[in-house]
């Protein structure tokens, strides 16, 4: 049965917050959902809503042509599915199945997993969910996917129930590359937000008097740096004119943040890392160039 049919069955392995949210969303869309989790009790709400709890991973995979995997990392997938493919009572248990792994790991881990799945006769798609669990299935939710188009395309309508699919190409590592790169921005921003809050509270300022205002700095960044296409052209062309915020000026601010943090006893690891980029850019001769010149010392061949 094709996933273009709203009655197409689907299996979800891994019932953390994300797995449970996906299962509930797929049930509401009318799909028969089979679930499995190491801790069966996590399936209670889904079973109450109509899902079927499989007794074993092998039963879970057998129940549907498409299995969505939502685990801590790819090693967890092997822990769960290796016994399935090694079970002599179920020869070729994965043959003809499609696995969509939405767990987090590295691009190379995704490529190895794709080769492993293909070796057992299964199609394999890598994915990276770009919203928190409560946003699954809602407007604005989106998911990066990569892997063979002939494997992805038939299941795109079902996967769209979870969030807008953003297909990146055949390389199984691309979805994780984009996922990790987006989370690079996200996690760094979260750490900087907490560091900045620690800095002002160390001086006796209440967090409540600081955070509402500083959030506008985050939301204002796109307007400050221009659209992504413009920034991409500058970085790809090595264009760092230096007519506004130079590396020297921004580097001085980075140094002041380090010294202020040290004065108040706040952890300096994050601002030191940022300062090091400016120090290296200045040492490389970019002191009068735009802050984007940091890219030249950060990139792989910098």
- prompt: In the range 134-171, how many are outside any helix (DSSP H, G or I) and over 19 Å from residue 96 (Cα atoms)?
  reply: 20
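This table checks each residue for (1) free of Cβ contacts under 8 Å to residues at least 60 places away in the same chain; (2) in contact with a strand residue (DSSP E or B) (Cβ under 6 Å, 6 or more places away or on another chain); (3) not assigned by TED's automatic domain parsing to the domain that holds residue 14.
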position: 66; (1), (2), (3): no, yes, no
position: 86; (1), (2), (3): yes, no, no
position: 106; (1), (2), (3): no, no, no
position: 112; (1), (2), (3): yes, no, no
position: 129; (1), (2), (3): no, yes, no
position: 141; (1), (2), (3): yes, no, no
task: Kindly indicate which of 38, 20, 95, 42 is farther than 20 Å from residue 125 by Cβ and part of a loop (DSSP other than H, G, I, E, B).
output: 38
field: Unmet criterion (only one of (1) part of a helix (DSSP H, G or I); (2) in contact (Cβ under 8 Å) with a residue 24 or more places away in the chain; (3) more than 17 Å from the chain's Cα centre (by Cα)) for residue 121
entry: (1)
- line: Selection over the range 203-259 where residues are touching a helix residue (DSSP H, G or I) at 6+ places or on another chain (Cβ under 6 Å), assigned to a loop (DSSP other than H, G, I, E, B) and more than 20 Å from residue 280 (Cα to Cα) yields a count of 0
Breaking point among (1) within 27 Å of the chain's Cα centre (by Cα); (2) over 24 Å from residue 111 (Cβ atoms); (3) surrounded by fewer than 22 Cβ atoms within 10 Å (Cβ to Cβ), for residue 76: (2)
- prompt: How many residues does the range 143-164 contain that are more than 16 Å from residue 70 (Cβ to Cβ) and either buried (at least 18 other Cβ atoms within 10 Å of the Cβ) or outside the structural domain of residue 31 (by TED's automatic domain parsing) (or both)?
  reply: 4
message: Let me confirm something: among 185, 131, which residue is within 12 Å of the chain's Cα centre (by Cα), assigned to a loop (DSSP other than H, G, I, E, B) and surrounded by fewer than 20 Cβ atoms within 10 Å (Cβ to Cβ)?
response: 131
- prompt: In the range 264-302, which residue that is in a loop (DSSP other than H, G, I, E, B) and touching a residue at least 60 places away in the same chain (Cβ under 8 Å) is surrounded by the fewest Cβ atoms within 10 Å (Cβ to Cβ)?
  reply: 265
query: Taking the range 63-79, which residues are within 23 Å of residue 162 (Cα to Cα), outside any loop (DSSP other than H, G, I, E, B) and in contact with a helix residue (DSSP H, G or I) (Cβ under 9 Å, 6 or more places away or on another chain)?
result: 66, 67, 68, 69, 74, 77
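The values are calculated or read from the model by the stated rules, or taken from the named source; none is laboratory data. Everything numeric here is computed off the predicted structure, so don't read it as measured data. For neighbour counting, all protein chains shown are included, and Cβ atoms are generated from backbone atoms with ideal geometry for every residue, glycine included.
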